[in-house]
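The values are calculated or read from the model by the stated rules, or taken from the named source; none is laboratory data. Here the structure is a predicted model, which means the values were calculated and not measured. Cβ atoms come from the backbone with ideal geometry, glycine included; neighbour counts cover every protein chain shown. All accessible areas refer to the heavy atoms of the entire protein, side chains included, with ligands and DNA or RNA removed. Shrake-Rupley method; radii C 1.70, N 1.55, O 1.52, S 1.80 Å.
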Amino acid sequence: DGDDAMLALWKEQWTAAGFDAHILKLGDAEPHPRFAEFQEKLKDVPLNTPTKIYNQMCFIRHLAMAQVGGGFMTDYDVLPLISEGDYSPHTRIHEQDESTDSNFDRDGKMEIKEGQEISKDLSFRIPSNQEDITVYSATIAGGGIPCMMSGPASKWESLAFELMDNAITKHSEERMWTDFLAMIDLREENIYEINNLVLNKFELDREWSEYACNEIKEHGYIAVHFSHIRFKEAGIPVDQRSELARSWLERWKSACN
């Protein structure tokens with residue numbers, strides 16, 4: 001289906017860019033010494049929607065990042081605009097799988113099968129001097145969008161519990177409070193830095209002129225986010241994402257590289 005095709009494209013593109021792309025599973029978080037504590041607290045996070053389990057996994061991914069040693073994490077619909085040789089030595093990167101549609105049963109409830117993948121991982125070297133969490137995408141108001149992030153293991157653990165505590169202590173009356181909303185809410189507390197290098201706003205059918213190529217290069221974008229929201233806004237079926245994303249990237253590479 002569309003999600004499987006997008007996942008395959010994600011792996012193909014990051015591998016071609018010089019990364020070792022693989023899937024991060026729930027089992028990567030479970031060995032963390034504070035996993036049981038985290039899992040118990042997660043029960044108090046307001047996630048009263050059919051996507052409850054998916055959103056729980058979005059909180060867990062941050063703890064998983066701490067357990068595997070830190071590094072980069074991207075959503076499965078974030079694809080590279082860099083290639084081998086474009087980046088300086090780094091350590092590890094992971095990718096979160098947002099493909100939830102196929103996990104709904106007939107009653108609209110989320111189903112998670114044993115051993116199901118919750119995120120992808122890119123083994124990719126991070127700058128050795130990185131001391132904080134960096135978020136590579138931001139809202140217009142300046143809050144971090146957790147579609148591509150990086151940081152050392154200790155900071156990933158701190159972030160995981162900060163996001164959890166934000167949801168429980170400040171937003172327990174909400175119907176739903178996701179890690180994304182918590183990230184935005186915590187922006188003023190300076191627990192992460194923003195380096196806005198993910199391209200979010202773009203024309204899906206853009207023709208690449210020299211001017212358009214320079215626009216991307218001058219900003220220094222390192223990845224592009226083919227989010228489901230972007231496709232819905234354009235009135236394009238989400239299951240066409242992989243096909244259109246591939247076409248977009250091929251035209252960009254042909255004209256701009």
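With the full set of protein chains in place, find how many percent of the accessible area of segment 129-257 is carbon and sulfur; take the probe as 1.4 Å.
Details: 3160 of 6760 Å².
Using a 1.4 Å probe with all protein chains present, segment 129-257 comes out at 47 percent carbon and sulfur.
For VAL224, the residues whose modelled amide H falls within less than 5 Å of its own, excluding neighbours fewer than 5 places apart on the same chain, are LEU79, LEU81, LEU199. Taking all protein chains into account, the per residue accessible area for segment 187-244 stands at 63 Å² (1.4 Å probe). The label-point distance for ILE140 and LYS232, in a model that sets each label 7 Å from Cα toward Cβ, rounds to 1.8 nm. Taking the accessible area of segment 1-78, probe 1.4 Å, and keeping the other protein chains in place, the carbon and sulfur fraction comes to 50%. One Cα centroid belongs to segment 161-180, the other to segment 1-44; the line between them spans 22 Å.
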